[in-house]
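Chemist: Pasting in a structure now, in structure tokens, and then I'll have a few things to ask.
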Amino acid sequence: MGFLPIEHLDLKEYKMSCKYCLVPLFYTFEIISHDYKCKNGKAFFVALVRNVILGDTYTTTLTSGKVDLANIYCVNCHNELGFKYIKTYVDQNSFKQERFMVDCSKVT
Ligand SMILES: [Zn+2]
């Protein structure tokens, strides 16, 4: 995948990182909701996640409706961490567009 620079997050006390390699991903204050579920259990709904690579976009139907998603992978260790909402088709989901779902079990 080539070399990608890692963006550092300065506010240590709020930092959430990849569980496998400790690359910083987002701040706790960027979590919009703790109340989501993914295939492995609980998930964070997050405004912005850094230091991830996007996989291919795919269309799927979640309980809330049809969406285009792309899986997100840690830029350093390439573990799958969750997905990004690329496009939503249902009005009630429009706030999710361009935001991220992160598997709670993959971050620390
Ligand atoms: Zn990692």
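Every number here is computed from the coordinates shown, using simple stated rules; none is lab data. Everything numeric here is computed off the predicted structure, so don't read it as measured data. No Cβ is skipped: glycine too gets one built from the backbone with ideal geometry, and neighbour counts run over all protein chains shown.
Chemist: How many of the residues in the stretch 67-77 are within 16 Å of the ligand (Cβ to nearest atom) and either in contact with a Lys or Arg (Cβ under 9 Å, 6 or more places away or on another chain) or in a strand (DSSP E or B) (or both)?
Modeler: Filtering the stretch 67-77 down to residues within 16 Å of the ligand (Cβ to nearest atom) leaves 71-77.
So of that shortlist, the ones also either in contact with a Lys or Arg (Cβ under 9 Å, 6 or more places away or on another chain) or in a strand (DSSP E or B) (or both) come out as 71-75.
Here the count works out to 5.
Chemist: I would also like to ask the following. Out of the stretch 13-50, which residues are touching a Pro at 6+ places or on another chain (Cβ under 9 Å) and either more than 21 Å from GLU98 (Cα to Cα) or part of a strand (DSSP E or B) (or both)?
Modeler: Scanning the stretch 13-50 gives LYS15, MET16, SER17, CYS18.
Chemist: If you check PHE29, PHE45, PHE3, which single one turns out to be away from the ligand (no atom under 16 Å from the Cβ), among the hydrophobic types (A, V, I, L, M, F, W, C) and surrounded by fewer than 12 Cβ atoms within 10 Å (Cβ to Cβ)? Before you say what the answer is, go through the steps one by one.
Modeler: Working: PHE45 fails: surrounded by fewer than 12 Cβ atoms within 10 Å (Cβ to Cβ); PHE3 fails: away from the ligand (no atom under 16 Å from the Cβ).
None of the other options fit; the residue is PHE29.
Chemist: Take the stretch 31-81 and flag every residue that is aliphatic (A, V, I, L, M) and touching a residue at least 60 places away in the same chain (Cβ under 8 Å).
Modeler: ILE32, ALA43, VAL75, LEU81
Chemist: Considering only the stretch 78-87, I want to know if a residue exists there that is within 16 Å of the ligand (Cβ to nearest atom), over 10 Å from the mean Cα position of the chain (by Cα) and part of a strand (DSSP E or B).
Modeler: no
Chemist: Same structure, new question: Mind listing whichever residues of the stretch 96-108 are surrounded by fewer than 14 Cβ atoms within 10 Å (Cβ to Cβ) and within 16 Å of the ligand (Cβ to nearest atom)? Walk me through how you get there before you give the answer.
Modeler: Start the filter on the stretch 96-108 by keeping residues that are surrounded by fewer than 14 Cβ atoms within 10 Å (Cβ to Cβ), which leaves 97-98, 105, 108.
Those that are surrounded by fewer than 14 Cβ atoms within 10 Å (Cβ to Cβ) and within 16 Å of the ligand (Cβ to nearest atom): SER105, THR108.
Chemist: Are there any pairs, at least 6 apart or on different chains, whose C-beta atoms fall under 7 Å, with the first in the stretch 15-30 and closer than 11 Å to ASN79 by Cα and the second assigned to a strand (DSSP E or B) and within 14 Å of the ligand (Cβ to nearest atom), and if so, which?
Modeler: Close Cβ pairs satisfying both conditions: CYS18/LEU25; CYS18/CYS74; CYS18/LEU81; CYS18/VAL107; LYS19/VAL107; TYR20/CYS74; CYS21/CYS74.
Chemist: Sort out which residues of the stretch 64-97 are touching a Cys at 6+ places or on another chain (Cβ under 8 Å) and farther than 17 Å from VAL46 by Cβ, and write them in order of number.
Modeler: Scanning the stretch 64-97 gives ASN76, CYS77.
Chemist: Let me ask another. With respect to the numbered conditions (1) within 16 Å of the ligand (Cβ to nearest atom); (2) crowded, with 16+ Cβ neighbours inside 10 Å; (3) outside any strand (DSSP E or B), which one is the sole condition not fulfilled by ASN93?
Modeler: That leaves (1) as the condition not met.
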